[in-house]
Amino acid sequence: GAVVSQHPSWVICKSGTSVKIECRSLDFQATTMFWYRQFPKQSLMLMATSNEGSKATYEQGVEKDKFLINHASLTLSTLTVTSAHPEDSSFYICSAPGGSRHPYEQYFGPGTRLTVT
Amino acid sequence: GDSVTQMEGPVTLSEEAFLTINCTYTATGYPSLFWYVQYPGEGLQLLLKATKADDKGSNKGFEATYRKETTSFHLEKGSVQVSDSAVYFCALTPRGNNDMRFGAGTRLTVKP
């Protein structure tokens, strides 16, 4: 099956610094990727849709200047949390659609746990 | 907009008990329906899916049937194991759209 990887799997950073999270589709191309945020014991919240070659689409209430998304190639999307604060600590998950073979299905990365101290 | 409502739990069962986690949806048209499982500290894994009415998804002893008349996709397993302890998410994608909507998640704990 299709595989999506994320790097790093966990990261600890100091308040005020920026952190970049990578999401890669390993054996397929993805013109669209999704970024989710999950707080402890809660569901996934869609943050933004990453589009290859164009600007990301952000959900209402998500600060696009804080969560910078770049979809640099057909297999890579990055999420940069800028000037991170403790309230940004969360589990960040990316996904990519299954394409024409598996329409409307998404493949999820293993997630990145961010802790801001 | 399209949405999913699922039983929140937590649910605690003894090993070999019968499991039902309720999930209902609201959608215009005919969405695809999914159950995902998240084990502690891990990402989401697809458990099963159904793409049209009356389809039954099944995997690892779990089953769910797409019921259009009741707009439901309840997850069932006849005999749970300790290893089934995880959080289960019901989700949908609207027809013609990749935007996946998740339920709140149901935490299942199975005791030996």
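The values are calculated or read from the model by the stated rules, or taken from the named source; none is laboratory data. What you are looking at is a predicted structure, and each value in this text was computed from that prediction instead of being measured. Neighbour counts are summed over all protein chains in view; Cβ atoms, including those assigned to glycine, are modelled from backbone coordinates with ideal geometry. For accessibility, only protein heavy atoms count, side chains too; no ligands or nucleic acids. Shrake-Rupley method; radii C 1.70, N 1.55, O 1.52, S 1.80 Å.
Points to keep in mind about this one:
- Within the same chain, lysines fewer than 8 places from B:LYS77 are excluded, and of the rest, those with a Cα less than 28 Å from its Cα are A:LYS41, B:LYS49, B:LYS52, B:LYS56, B:LYS60, B:LYS68, B:LYS111.
- Cα shape, the stretch A:1-80, gyration tensor, a/c 1.5 rule: rounded
- Within the accessible surface of the stretch B:72-112, defined with a 1.4 Å probe on protein heavy atoms only, the carbon and sulfur portion equals 48 percent.
- For the chain pair A and B, the interface hides roughly 1600 square angstrom of accessible area in total, found with a 1.4 Å probe.
- Average beta carbon contacts from partner chains per residue of A:38-47, 10 Å cutoff: 4
- Restriction of the GluC sites (Glu not before Pro) in the stretch B:37-103 to DSSP coil positions whose beta-carbon has at most 15 other beta-carbons within 10 angstrom yields B:GLU42, B:GLU69.
- Couplings 3J(HN,Hα) for the stretch B:66-77, derived from phi with the Karplus relation 6.51 cos²θ - 1.76 cosθ + 1.60 (θ = phi - 60°), are 6, 10, 6, 5, 10, 6, 10, 8, 6, 8, 9, 8 Hz, where x marks Gly and Pro.
- Shown is the FRET efficiency for A:SER9 and B:GLU16, computed with R0 = 22 Å from the Cβ-Cβ distance and rounded to the nearest 0.05: 0.05.
- Excluding same-chain neighbours fewer than eight residues apart, the lysines reachable from A:LYS55 by a Cα-Cα span under 20 Å are A:LYS20, A:LYS64, A:LYS66.
- For the stretch A:35-104, applying the loop criterion from DSSP together with a ceiling of 15 other beta carbons within 10 Å to the trypsin sites (Lys or Arg not before Pro) yields A:LYS41, A:LYS55, A:LYS64, A:LYS66, A:ARG101.
- Largest-first principal axis extents, alpha carbons of the protein assembly as shown, Å: 49, 39, 32
- Å² per residue, accessible surface of the protein assembly as shown at 1.4 Å: 48
- Global form of the stretch B:37-97, assessed from the alpha-carbon gyration tensor, a/c cut-off 1.5: oblate
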